[in-house]
1. Does residue 142 count as among the hydrophobic types (A, V, I, L, M, F, W, C), in contact with a strand residue (DSSP E or B) (Cβ under 9 Å, 6 or more places away or on another chain) and either within 13 Å of ligand 2 (Cβ to nearest atom) or in a helix (DSSP H, G or I) (or both)?
2. Of the residues that make up the range 67-74, is at least one away from ligand 2 (no atom under 15 Å from the Cβ) and over 25 Å from residue 216 (Cα atoms)?
3. State yes or no: is residue 6 among the hydroxyl-bearing types (Ser, Thr, Tyr), in contact (Cβ under 8 Å) with a residue 40 or more places away in the chain and buried (at least 18 other Cβ atoms within 10 Å of the Cβ)?
4. Considering only the range 184-210, state which residues are touching a residue at least 24 places away in the same chain (Cβ under 8 Å) and surrounded by fewer than 15 Cβ atoms within 10 Å (Cβ to Cβ).
5. Are any residues in the range 174-183 crowded, with 21+ Cβ neighbours inside 10 Å and aliphatic (A, V, I, L, M), and if so, which ones?
6. Please work out which one of (1) part of a helix (DSSP H, G or I); (2) more than 17 Å from the chain's Cα centre (by Cα) is the condition residue 165 fails and give its number.
7. Can you run down the residue pairs with Cβ atoms below 7 Å, 6 or more apart or on separate chains, where the first is in the range 290-305 and assigned by TED's automatic domain parsing to the domain that holds residue 201 and the partner is in a helix (DSSP H, G or I) and modelled with pLDDT of 95 or more?
8. Look at residue 125 and say whether it is in a strand (DSSP E or B) and either within 10 Å of ligand 1 (Cβ to nearest atom) or more than 24 Å from residue 31 (Cβ to Cβ) (or both).
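The values are calculated or read from the model by the stated rules, or taken from the named source; none is laboratory data. Note that this is a predicted model, so its numbers are computed, not measured. Quick reminder, even Gly has a Cβ in these numbers, built from the backbone with ideal geometry, and neighbours come from all protein chains shown.
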Amino acid sequence: MSHRKTELIPTNTKAAFEAAVERAAAFVLQGHPVALPTETVYGLAANALSPEAVGRVYEAKGRPSNNPLIVHVGSWAMVEQCVERFSPAASSLARAFWPGPLTLVLPKSERIPPEVTAGGQTVAIRWPSHPVMQAVLKTAGVPLAAPSANRSNGLSPTQAHHVLQQLDGRVPLIVDGGHAAVGIESTVVDLVGRPARVLRPGMIHRLSLQAASPDLDWEANESLDRDESVLRSPGQLKHHYAPKARLVLGSWSDSGSLSRLVEAHKVPRRLTSVVAYEGIPDSGGWARVAVIPHDVEAYARALFSELHLCDESGSELIVVEAPPETDEWEGIRDRLGRAAAGGD
Ligand code: TXA
Ligand code: MG
């Protein structure tokens, strides 16, 4: 569906917040998807119980229909509406991390239409913590199917204007809820098969999951096997998170090695952006230099915004300093790895 005009509305006063929630809930109940803030990234939300509304989400995003959506809930009653069985392991993980950036894949209930799950018998479910999203869930009173609010294959939005850039004219309403506090998409865990599997790493990492559910068997860490993860999580496409510019990961010890790295890609410096946390370039002439804190949470919060800015600067190449190899950086390595595989 195309909307001639997309409205972007604020939530920065009590009255504005309440009005935004009312408008968003009304659109949802009329079957129209709206872009809403969550703590991870902005989502494009529609009534998860309505096949027509869900169809409009795929249409607005240009998303292939074989890629299932995450259903967002705001109460235990909604959880029960959506899932067939909630196992003890699911309960411990939910108690530890909900509301928050964790998505659980569980057997779906009959209420959830096949359009949400790409025809499958499982549903991905998450209880988000963002106050706007929670208020819309409560006011609309229905679970919300919401993928990230970007065009298919685009970079996920962490600010309202990123949504506007990609979905202007394609959705009636964008609610501005500020900069997403987590900054990368939720950790997706499959609890249907045994052992449990991380389908998409995020800021709740493996060790935290294991600590919260000590009795659960976890699959060994093999997340670097991209082809396997494509088969396991439908729609976990290799190039899912790509900026427009070509992105390469690299390490450099000084300006000389950074220059050699860039020269190898045959793009002039003025069309190249550098994203660094330690290896800050000591000379100028770049399209953009972004220095992101070397702290995993601060880095995640800043990453997509910086990549959006690199794209806006007209860069053809983005050189990103390779992040650390430790567990807590796994979600960030995953997104950067996919972005680096983009365009192939
Ligand atoms: O943080 C997030 O999860 C954001 C915000 C808006 O909540 N949403 C998000 O949705 O990232 P999306 O559609 O961009 O990513 C959903 C991921 C995809 O990788 C999809 O394949 C996987 O979840 N997924 C959804 N349903 C699934 C299912 N039944 N089984 C396995 N994977 C599933
Ligand atoms: Mg997405």
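1. Numbers: among the hydrophobic types (A, V, I, L, M, F, W, C): yes; in contact with a strand residue (DSSP E or B) (Cβ under 9 Å, 6 or more places away or on another chain): yes; either within 13 Å of ligand 2 (Cβ to nearest atom) or in a helix (DSSP H, G or I) (or both): no.
For residue 142, the condition - among the hydrophobic types (A, V, I, L, M, F, W, C), in contact with a strand residue (DSSP E or B) (Cβ under 9 Å, 6 or more places away or on another chain) and either within 13 Å of ligand 2 (Cβ to nearest atom) or in a helix (DSSP H, G or I) (or both) - is not met.
2. Yes, because at least one residue in the range 67-74 is away from ligand 2 (no atom under 15 Å from the Cβ) and over 25 Å from residue 216 (Cα atoms).
3. Judged against the criteria, residue 6 is not a match.
4. If the condition is that a residue be touching a residue at least 24 places away in the same chain (Cβ under 8 Å) and surrounded by fewer than 15 Cβ atoms within 10 Å (Cβ to Cβ), then 195, 207 are the ones that fit.
5. Passing the criteria: 174, 175, 180, 182.
6. Residue 165 satisfies all of (1) part of a helix (DSSP H, G or I); (2) more than 17 Å from the chain's Cα centre (by Cα) except (2).
7. Qualifying pairs under 7 Å: none.
8. Considered against the rule, which asks whether it is in a strand (DSSP E or B) and either within 10 Å of ligand 1 (Cβ to nearest atom) or more than 24 Å from residue 31 (Cβ to Cβ) (or both), residue 125 comes out as yes.
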